[in-house]
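Values in this text are rule-based calculations from the coordinates and carry no lab data. Source: prediction; values computed, not measured. Heads up, the Cβs are rebuilt from the backbone with ideal geometry, glycines too, and the neighbour counts pull from every protein chain shown.
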Amino acid sequence: MGQTANDRRVKDNEAMAMAKYLRTSPQKLNLVCQTIRGKDAGRALIDLEFSERRIAQDVRKVLQSAIANAENNHNLDVDRLFVSEAFIGKSITMKRFRPRARGRAAKIIKPFSRLTVVVREREDAAAPKKAASPKKAAAKKVDVTKPAPKKTEAKKTESKAPAKKTEAKTTKKAPAEKAAAKKAPAKKSTAKKKDK
């Protein structure tokens, strides 16, 4: 009649570690966690080791614990681990007061945070990366023996073709304009005769 074991809170290819009372605000802790999310575990450890933020060393310890859990408890390959999740929660808050002028007091809040790091084993790391499709590879190949095509000639031909179209459009007139054009010279001729 013992207590039943808790269900696993993470998947089979994941491992987790948690720190409950980290002496920093969740906002500052999240800035450090943003730098490691999605990175390989080894690379994340290096980034945290050389980070200038004070809390980075505590985050590094939690990440090391998650890696150790993955290796010892779940038999995962350490070289294929990456940080799949690093999320932050609020913990306790210490409240202190500071005396101010006229007998008042100012509130000082000292928040604590909770950090959970989940590392996951990459599934695609064992398989080699897919090669580019043959069409793309053929398109990227350039024949060095042939001279490169001149781009300026292509641009000139493109610019001439639309110009011809616009000229053709301007020469064509609507039937109403044609009739008006025919009547206008007749009026001029009558005006010339009157002047003489």
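Could you pull out every one of the helices (runs of 4 or more DSSP H) wholly within the range 1-90 that has 2 or more residues that are among the basic types (K, R)?
56-72
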Can you pull out every residue in the range 82-115 that is among the aliphatic types (A, V, I, L, M), within 24 Å of N13 (Cβ to Cβ) and in contact (Cβ under 8 Å) with a residue 60 or more places away in the chain? I88, L115
Looking only at the range 36-64, how many residues end up being surrounded by fewer than 17 Cβ atoms within 10 Å (Cβ to Cβ) and within 13 Å of A17 (Cα to Cα)? 2
For the range 2-20, does any single residue satisfy the condition of being among the charged types (D, E, K, R), surrounded by 13 or more Cβ atoms within 10 Å (Cβ to Cβ) and farther than 20 Å from E121 by Cβ? no
